Structure formats: structure tokens, C-alpha cells
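Structure first, commentary second.
The values are calculated or read from the model by the stated rules, or taken from the named source; none is laboratory data. Here the structure is a predicted model, which is why all the values come from computation and not from measurement. Cβ coordinates were reconstructed from backbone atoms using ideal geometry, including for glycine residues, and neighbour counts include every protein chain displayed. Remember, those area values only see protein heavy atoms, side chains included, never the ligands or the DNA or RNA. Shrake-Rupley method; radii C 1.70, N 1.55, O 1.52, S 1.80 Å.
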Amino acid sequence: MKIVVAITGASGVIYGIRLIEELKKCDIEVHLIMSSTAKKVIEHETSYKSSDVASMADFCYDEDDLFAIVNSGSFKFDACIVIPCTMKTLSAIANGYGDNTITRVCDVALKEKRTLIITPRETPLRCVHLENMLKIAREGATILPAMPGFYHNPETVDDQINFILGKILDLLNIDNNLFTKWKQ
């Protein structure tokens, strides 16, 4: 499997970092794009350096490299996940404004009918944010907000992060035990 992970500058970059770690445990080829703001947020919100995160991926692309292979429909990747996704990036995707590597690879995913998962991390939401999510969902993307559940009785922040990551891996049909699934 080849998966593109895009980390934007929204709060919650740990979701993207931990997703890469989980994908690598499954021996999945990871193609990473980090926005310039994501690199700053990584160093503000976590103990990671952006260079550490880049080294976790098999391939890493500059946000402004419109010649990156992931921007071509002929590059066969299985899924693209934008985690976390800023409202600016969401708006660009929804409106076909592929002005950087992140928004262009999302455009490719939509036009080529590949799996696209968007994890917005913003609250509260304006009507335009909801409308942009609806536009993308109508084109086939999955909107998976960073809204942890509590039925699995999380005890730590990691438990809440793992809940979201487990949901993403479930969507990708990747077996995981990151959270306890609902049982009756």
C-alpha cells in the first residue's frame, strides 16, 4: 500500500505524526507532505522536530513542489489523508484550488476516485466550513473530524488520539487494536 499523509498547520499535528507511526508499523509506504505552518506547529505542540517527522516517512515532499510525483494522476497511491486539516486547506480542496502539493494531491485523489480522508480540526464551525465539507463529501471524500469517542472509556490523551487513528485505519481496512470496538 502507498498512502499520502498531509499534515497542515491546524492544532492537533500529533494525529498526523502518530498516523505515520502506525502506518509504518504495518509496513505501509508513506509519502509525506507538511505545510510550512505544520512544521512550526509540530515544534510548538510536540517534542518532535519537523525533521524527525520527515524522517519517519519513506518519501517527503515540499509543500510548494508542484512537480512532486504525488501530484500526478499517473502516480498510483491508495489513499490520501489530510490530518489535521486547516479550514484554509479544506476550502482550497473544496473549490479546486490546487495551488500547492497538499491541495493538488487531494485534487488528484478526488478526480482519480481514490480514497481521500479529511480530518478537520477546528471548532466551532462556520456555515462555510460545513458547506466546504459537504462539497468534498459529495465528491467521495470521507470527512473524519478529530472528535474522539468516549464509549471505550479513554484514560489518557493517547487513548483519545488512538480512537481517531483507529477509525482512519478501519476506513483503510487496516487491522488495528488502537481502541476497543463497540460491543453490546
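Quick look at the numbers
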{"quantity": "Relative contact order for segment 67-106, counting Cα pairs under 8 Å that sit 6 or more residues apart, in percent", "calculated": "45"}
{"quantity": "Percent RCO, i.e. relative contact order, over segment 46-144, from Cα pairs under 8 Å lying at least 6 residues apart", "calculated": "29"}
{"quantity": "Inter-label distance for ARG126 and ASN95, nm, one decimal - labels placed 7 Å from Cα along Cα-to-Cβ", "calculated": "1.0"}
{"quantity": "In segment 8-54, the trypsin sites (Lys or Arg not before Pro) that fall in loop regions by DSSP, at most 12 other Cβ within 10 Å", "calculated": "LYS49"}
{"quantity": "Accessible surface of the chain, 1.4 Å probe, proportion on carbon and sulfur as whole %", "calculated": "49"}
{"quantity": "Solvent exposure, largest accessible area first (probe 1.4 Å, DNA, RNA and ligands not counted), of HIS44, HIS129", "calculated": "HIS44, HIS129"}
{"quantity": "Charge tally in the Cβ shell below 12 Å around LEU23, where Lys, Arg are +1 and Asp, Glu are -1, LEU23 excluded", "calculated": "-2"}
{"quantity": "Accessible area of LYS183 in the full protein assembly, 1.4 Å probe (Å², nearest 10)", "calculated": "150"}
{"quantity": "Estimated [θ] at 222 nm from DSSP helical runs (n ≥ 4, -39500 (n - 2.57)) normalised by residues in the chain, nearest 500", "calculated": "-12500 deg cm²/dmol"}
{"quantity": "Mean separation of Cα contacts under 8 Å (6+ apart) over length of the chain, as relative contact order %", "calculated": "20"}
{"quantity": "Chymotrypsin sites (Phe, Trp or Tyr not before Pro) lying in DSSP loop within segment 136-184, provided at most 11 other Cβ fall within 10 Å", "calculated": "PHE150, TYR151, TRP182"}
{"quantity": "GluC sites (Glu not before Pro) within segment 111-184: DSSP coil, no more than 11 neighbouring Cβ in 10 Å", "calculated": "GLU155"}
{"quantity": "Part-to-part distance (alpha-carbon centres) for segment 16-60 and segment 79-129, which is given in Å", "calculated": "18"}
